[in-house]
Amino acid sequence: MSALSERQRDELHRALLEYLAQSEFQEAYKALANDAGLQSYEPDPKGKYAALLEKKWLSTIRLQKKNMELEAKVRQLEQELQSAPSARRGASATDWYPRSPARHVLMGHRQPVTDVAFHPHFSQLATASEDTTIKVYDWETGELEQTLKGHTKPVQSIEFDHSGQYLVSCASDLSIKLWDVAQGWKNVKTMHGHEHSVSRDKSLRIWETATGFCTKTLLGHDDWVRAVAVADDGRLLASGSSDQSVRLWDVQTGETRQELRGHEHVVECVAFAPVSAYSAIRTLVGIRAPKDDAGASLAGQYLASGSRDKTIRLWSQQGQCLRVLTGHDNWVRALVFSPNGKHLVSVSDDKTMRIWDLSNGRCLKVVDCHSHFVTCVAWGRGSVPASDGQQAAAPINVVATGSVDLCAKVWAP
């Protein structure tokens, strides 16, 4: 800090003397006058210099307040930078979550995009649409690789099997189709059985892919089944319905294990939490992990559901609603957990994507991702093979969204 000039020092001394005189601090007045060599100074009766002191004091307070605000802003920005892997040393790539801008905007469909799905090993993204087609893109380059035609009405949902050999699709034409990736995406099987658009007939059906036969029909919902999720071990199914309920099903017996109620409108989506998310969810709700390690890691312990009531609910397998997440301004249309278990991503008809911190239930980020309703979201799973044929150690960190605005978007580091 630079020293005061002679003039500034003189004004400061006079202002202090006027203040001491007005306050009738005589001893302090004499001591300062002697030290400053102003024994002959007569204080201004109008308090000219004292007013100057008050003005400078108020300016100092305002500067301190502004400084505190700037320091708080710096701390906030530092926290954001620390959470960005590309902006800190030694950051793990698994800490990444989607941020603007999108890496690619995939335009090609002529009607709304209804679903998106990542190949578990290759850098391929499939998109489904109401235009009856499925398109396959390279999500790293954004280039279109294939257009799959075969359905005659809007394609409602798509998904790859865990090996990546097959892509399965269902549509309003009452059919389910199996596409063989290794055979140039050939449609190798078409399965019929639903009596209405899959699954407006209120049923869930389990199919044997080798024969194309329906092995089980699960009945229980009172209205259109809008969403289905499968636990990682394949033993448990979750379904969401227009009857405002979520049901948990035992795959082996076909019986309902739990009926989860709490939503006040149609349930649009369901998703099982990966085992990696259990620790964060338990921290969120303040419960301890079971002493039995096997029980603590059992698949299907927790799940999430999204609804037209604009909320997201976290549930236990026993049917208890653990937390309600609010923030969206319109229907919640799709959900996905991050592979590392730290985040939950939701998309909505409010045109946004929200990233939730599972350990505290707070919304970390709101991304304005599309110009119309956002219908679907997926997170890349598995790992991408390296050039030598060995799988890379790092998991895929990429998210895709689809929208009524006819495009899909890829969000990647």
> Taking Lys216 as the anchor, which lysines have their alpha carbon closer than 29 Å to its alpha carbon, excluding any fewer than eight residues away along the same chain?
Replying inline: Lys149, Lys153, Lys177, Lys186, Lys189, Lys202
> In debye, nearest 20: dipole of the stretch 114-240 around its Cα centre with unit charges on the Cβ of K, R (+) and D, E (-)?
Replying inline: 420 debye
> For the pair Arg261 and Ser359, how long in nm is the line joining their label points, each one 7 Å along Cα→Cβ?
Replying inline: 3.7 nm
> How would Tyr41, Tyr19 rank on accessible area, largest to smallest, probe 1.4 Å?
Replying inline: Tyr19, Tyr41
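Can you give the calculated 222 nm mean residue ellipticity of the chain, where each DSSP H run of n ≥ 4 adds -39,500 (n - 2.57) and the sum is split over every residue, rounded to the nearest 500 deg cm²/dmol? Mind dumping the intermediate values first?
Details: 5 runs with 75 residues, N = 413.
Value at 222 nm, helices only, nearest 500: -6000 deg cm²/dmol.
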>> Using 0.36 nm times the number of residues separating Cys321 and Asp223, minus their current alpha carbon distance, what extension gain do you get?
In response: 33.1 nm
> From the residues Leu178, Met353, Pro112, which one has its Cα farthest along the dipole of the chain in the positive direction, the dipole being from +1 and -1 charges on Cβ of Lys/Arg and Asp/Glu about the Cα centre?
Replying inline: Met353
> How many nm separate the modelled label positions at Gln8 and Val188, each set 7 Å beyond the Cα in the direction of the Cβ?
Replying inline: 8.2 nm
>> What distance in nm lies between label points placed 7 Å from Cα along the C-beta direction at Asp161 and Lys216?
In response: 1.8 nm
> Where Rh is the Kirkwood radius over the Cα pairs of the chain, the temperature 4 °C and the viscosity 1.567 mPa s, what D in µm²/s does Stokes-Einstein return?
Replying inline: 52 µm²/s
>> Just to confirm a number: summing +1 for Lys and Arg and -1 for Asp and Glu over residues other than Ser40 whose beta-carbon lies under 13 angstrom from that of Ser40, what do you get?
In response: +1
>> Keeping all protein chains in the complex and leaving out DNA, RNA and ligands, what accessible area do you get for Ser129 with a 1.4 Å probe, in Å² to the nearest 10?
In response: 0 Å²
> Say R0 is 51 Å: what FRET efficiency, to the nearest 0.05, do Gln146 and Met68 get from their beta-carbon distance?
Replying inline: 0.35
>> For the chain, set up a GNM with springs between Cα atoms under 10 Å and report which of Ala334, Ala277, Ala182 has the largest fluctuation.
In response: Ala182
> Full extension from Ala412 to Asp329: what is 0.36 nm times the residue separation minus their Cα-Cα distance, to one decimal in nm?
Replying inline: 27.3 nm
>> Report the gain in length on full extension from Val366 to Asp95: 0.36 nm times residue separation, minus Cα-Cα distance, nm rounded to one decimal.
In response: 95.9 nm
> Amide H neighbours of Leu236 under 5 Å, counting only residues 5+ apart in sequence or on other chains, H built in-plane at 1.01 Å?
Replying inline: Ala231, Val251
> How large is the charge dipole for the chain, taken about the Cα centre, if only the Cβ atoms of Lys, Arg (+1) and Asp, Glu (-1) carry charge, to the nearest 20 debye?
Replying inline: 200 debye
> Which one of Pro290, Pro154, Pro101 has the biggest mean-square fluctuation once the chain is modelled by GNM with Cα springs under 10 Å?
Replying inline: Pro290
> Using a 1.4 Å probe, how large is the accessible area of Lys342, given in Å² and rounded to the nearest 10?
Replying inline: 90 Å²
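The values are calculated or read from the model by the stated rules, or taken from the named source; none is laboratory data. Not measured: the values here are computed from a predicted model. Note that we place each Cβ from the backbone using ideal geometry, even for glycine, and neighbour counts take in every protein chain shown. What goes into the accessible areas is simple: the full protein's heavy atoms, side chains included, and nothing from ligands, DNA or RNA. Shrake-Rupley method; radii C 1.70, N 1.55, O 1.52, S 1.80 Å.
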